[in-house]
Each structure stands twice: as structure tokens, then as C-alpha cells.
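S.K.: Provided herewith is a single structure, encoded as C-alpha cells, for subsequent inquiry.
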Amino acid sequence: MSFDAPNPKPTGADNGPAVSRREFDALFDAVRAWGRWSPADRGAWNRVTADLVREAAAGVRSGIVVPLALPWNTRPGPGNRKPALHHMTDLGDVEAPEPSTHKDFIAADYHGKGITHLDALCHIAYRGQLYDGRPAHELVDAAGARFGAVSTLGPLVTRGVLLDLPAVLGIPWLEPGQAVHAKDIVAAEKALDVTIDEGDAVLLRSGHVRRREELGAWDPDTASAGFHVDAVPLLAERGIALLGGDGDSDVRPSPVDGVHSPVHALALAAMGVPLLDNLDLEELSAATAEAGRHEFLLVVAPLNVPGGTGSPVNPVAVL
């Protein structure tokens, strides 16, 4: 089966400015948060104290619950080259007659574009090092990771902030390849009357899901809207605990020479900030617009996989 699809060539989409490897390395060192927390392999999730959880919970008003995960995707396509698996293992004909039992099996190579998932800190190494300067070759092997695994992270409950860029700009979506800069974050905060603060989870809506539904699938490894690396120092300064979006946070093509996922490297390996990839933020966009507020309680509960580099996940926003 062919996965080829026409790649979008959007008018006016700009992933730049270009960043040299030397400039990127300087940026990596500038936002690096190594040696800051204990336990180190929970990274920025250490920022979320019991007080912050109580404050986030106290912000719930309507009680509306919005799931943020894509459907379990078993269909191959340009944005889903490694489809998830789902099949039945018991159709009520295996065990004793009563009660009849139905069982199924699921599996996924989830670090792609088709499954909503959380990236743990061990998912990315840069210059051979995981977050906190730990040597990747010593701590990650065929048995999994012994530092920065998703099982160490556990669940997160904190305040979420939706940066709904298409709503701010009055357009249905950002075109693939469009970079979001620090100035765009500041403008969105002003337009949406919200301010990113310590311990927040920041979710970027580019309109990726709506564009795919209306125009069809494309290969998001080739072109997708997301953050330019010049947005990361602002997010680091604000002290975020989690970054996510309806893409994978990186603008693609990468603007950094020789680094295919620079925001991944900065967030995970430098800042210790886990990532949420491939969210469905369309329902949340409508709900926040109706509520007139773009902050909410966010609950993220990854699977407890010892040594896992991440987990499929269904985050939940509560307004």
C-alpha cells in the first residue's frame, strides 16, 4: 500500500528564520534546567505542587469535561505510517457459557503522528545526553529506560492554557510549515486574556485536525505548524510544566540545520518538560470560546509502563 500524498505548499507559510547549529547549541545551554529538581527524572513536573493543583481545581466553573485524544487509529495513511492494532480475542465463545465474555487486544508504535501520546524525558537525547546530563547510552537499552521513564512521571493535574492561534487570527487553521514565535504567544495571551504561569501546561492549537478533516491527510513529518525555537526561551522563563499541541510542537520543516526536532530537544533534554503530541483540540477550542476563558484544569494520566519512553494517553480538560 502506498502512503504517498500530496504535500501541502501553503501560500505565506514560513518556518523561519533559519537557525544555525551553533546558535541552537547556545539556545540549548541557555534554557537548560539540569540539576534543578529531585527526583530529576520527573523534570518540570516537580513544579506542580499540591498548592498549584488546588488552585487549578478551584478554577473549575461549569464542570464541562472535554477529552483531548484522537480516536485509536488503525488505518494506514500519510500521517499514520505505523497504524495501531485492535482486534478481538474473545467473542463470547471461549469461556464457560454464562456470562458471555468479549475481549480485545490493542497495541501501538505510538511515537508517530497518528496516536495521542505523552513523551517522557527519556524519549529524546541531544549530544548523547538525556535531561539532566545523563548519558543516554548507559541508561536506555533494549529493556527500556532507567532514567526519565514514563512510570516515574506518574499522573499530572495542573492548570492548562490553550493558545488558540487560529481563533486569535480569525482563520480556520495555520498552514503546515507555519512557525509560531514568542511574539505570537504574547499576542495570543493578550487576545485570549490569559497569562502562562509557573507549572502550567501549554497547549497550542494550530487547527491541524480541522484542516485534515476538511482537506485530507498529508505527511506532517514534511510540513506542520508548530513552535519555532525562538518561542522556547519565553516558555522556559514562564516555568511551564508541560507542552503540547495538535501537532507535535515542532514546526516542520525544522528551521535548525541538522536537528530534525529542535523543540523536542529543548523541551525534553534541556528543560525537562514532557510533551503531549497529536491532541484533538477542536472541541476544546469551541468550549473555551463559549466559556470566554482559555484556562482549565488539565488531567494527564499516562500508562504505568516501567522503562517506557512515553505512553498513549487521553488527557482531559475540565472547564
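The values are calculated or read from the model by the stated rules, or taken from the named source; none is laboratory data. A quick note: this is a predicted structure, and the numbers were derived from the prediction, not measured. Here the Cβ is made from the backbone with ideal geometry for all residues, glycine too, and neighbour counts use every protein chain on show. When the accessible area is computed, the model is the full protein with side chains, heavy atoms only, and any ligands, DNA or RNA have been set aside. Shrake-Rupley method; radii C 1.70, N 1.55, O 1.52, S 1.80 Å.
S.K.: Output the direction-averaged projected area (hull surface divided by four) of the convex hull of the alpha-carbon atoms of region 45-97, in nm².
M.R.: Convex hull of Cα atoms, orientation-averaged projection: 9.0 nm².
S.K.: At a 1.4 Å probe, what is the % contribution of carbon and sulfur to the accessible area of region 56-111? Spell out each step's value before the answer.
M.R.: Values: 2230 of 3900 Å².
Its accessible area is 57 percent carbon and sulfur atoms.
S.K.: Right, something else. Hey, if you drop one equal point scatterer on each alpha-carbon of region 77-141 and run the Debye formula without solvent, what base-10 log of I(q)/I(0) do you get at q = 0.13 Å⁻¹?
M.R.: -0.62
S.K.: Could you tell me, in Å, what Rg and Dmax come out for the Cα atoms of region 8-164?
M.R.: Just the Cα atoms of region 8-164 yield Rg and Dmax of 21.4, 68 Å.
S.K.: Dimensions of the chain along principal axes (Cα, Å, largest first)?
M.R.: The principal-axis extents, from largest down, are 65, 47, 45 Å.
S.K.: If you take the Cα Rg of region 254-305 and divide it by 2.2 N^0.38 Å, with N the number of residues, what do you get?
M.R.: Details: Rg = 15.4 Å, N = 52, 2.2 N^0.38 = 9.9 Å.
In units of the 2.2 N^0.38 Å rule of thumb, it is 1.55.
S.K.: In addition: From the Cα trace of region 275-319, what convex hull volume per residue do you get, rounded to a whole Å³?
M.R.: So the per-residue hull volume is 73 Å³.
S.K.: For a quick check: with amide H placed at 1.01 Å from N, whose amide H comes under 5 Å from Asp164's, ignoring anything fewer than 5 positions away on the same chain?
M.R.: So Asp164 has HN proximity to Arg205.
S.K.: Would you work out the Kirkwood radius for region 213-283? I mean one over the mean of 1/r across all pairs of different Cα atoms, in Å.
M.R.: After inverting the mean inverse Cα-Cα distance, the result is 12.8 Å.
S.K.: Scan around Val180 for amide H atoms under 5 Å from its own, H built in the peptide plane at 1.01 Å from N, and keep only partners 5 or more places away or cross-chain.
M.R.: Close amide H contacts, sequence-distant or interchain: Gly226, Phe227, His228.
S.K.: Ignoring any ligand, DNA or RNA, what whole percent of the accessible area of region 192-263 comes from carbon and sulfur when the probe is 1.4 angstrom? Could the numbers behind the result be given before it?
M.R.: Details: 950 of 2250 Å².
Whole-percent figure for carbon plus sulfur exposure: 42.
S.K.: A further question follows. Give me Rg/Rg_expected for region 167-319, where Rg uses Cα atoms only and Rg_expected = 2.2 N^0.38 Å with N residues.
M.R.: In units of the globular-protein estimate, region 167-319 measures up at 1.00.
S.K.: Here's a follow-up. Across region 125-247, how large is the tail of the calculated P(r) beyond 24 Å, expressed as a percent of all Cα pairs?
M.R.: Counting pairs separated by more than 24 Å, the tail of P(r) holds 42 percent.
S.K.: Determine, for each peptide in 192-201, 95-104, 260-269, the mean count of other beta carbons within 10 angstrom over its residues, then list the peptides with the highest first. Mind showing how you got there, number by number?
M.R.: Values: 192-201: 19.0, 95-104: 9.5, 260-269: 24.3.
Descending mean neighbour count gives 260-269, 192-201, 95-104.
S.K.: Would you calculate, for the chain, the mean residue ellipticity at 222 nm contributed by helices, counting each DSSP H stretch of 4 or more residues as -39,500 (n - 2.57) and dividing by all residues, to the nearest 500?
M.R.: Numbers: 9 runs with 69 residues, N = 319.
After summing the helix terms and dividing by the residues of the chain, the value is -5500 deg cm²/dmol.
S.K.: At 24 angstrom or more along the helix axis (alpha-carbon based) and mean Kyte-Doolittle of -1.0 or higher, what helices does the chain contain? Whole DSSP H runs only.
M.R.: none
S.K.: Separate question: Please state, rounded to one decimal and in Å, the Kirkwood hydrodynamic radius that region 72-114 gives when every pair of distinct Cα atoms enters the mean of 1/r.
M.R.: For region 72-114, the Kirkwood estimate is 11.9 Å.
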